[in-house]
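Below you'll find the structure, written out as structure tokens, and then a few comments.
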Amino acid sequence: MPEPKPAPEPGGEPRRMRPAPLLFEPPDATADPEHFFDLESIEDPRELLDRATELALAFRAAADRAMEFQAVAAAQLADPKRFDRLTDEAIAEQAEWTADYARKMIEFGRELMADRTP
């Protein structure tokens, strides 16, 4: 499946900043509830603010992209041309959404797919 376009900022422009990489933490580090991407070990508050901001932006960008993929998948599942098409309610149940939100996501997914086609 081709990648969707980046989510627009509230002002209408797509994000242009590159998010920090999300690195996986070693299993023993994640067992400690106080451990979070090694932020607790950063002593300089400026460096801590910079790294925490990078992580917040990266998580926000990841959440936006994941939501776009959800919308595209919902639109594909609701496509009337599919023999195994799902209803809005079935999609809502699978994604743990309300039916109204599922309809909005299906429409958003259709818009994203339409924007991708030349």
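How much FRET efficiency would the formula 1/(1 + (r/R0)^6) give for Ala66 and Glu89, where r is the Cβ-Cβ distance and R0 is 25 Å, rounded to 0.05?
Working: r = 22 Å, r/R0 = 0.89.
The pair Ala66/Glu89 has a calculated efficiency of 0.65.
Which net charge results for the neighbourhood of Ala92, defined as the other residues with beta-carbon distances under 12 angstrom from its beta-carbon, given Lys and Arg at +1 and Asp and Glu at -1?
Values: positive: Arg103, Lys104; negative: Asp88, Glu89, Glu93, Glu96, Asp100.
In short, -3.
The numbers here are math on the coordinates, done by the rules we state, and not lab data. Model, not experiment: these values are computed from the prediction. Reconstructed Cβ throughout: ideal geometry from the backbone, glycine too, with neighbour counts over all protein chains shown.
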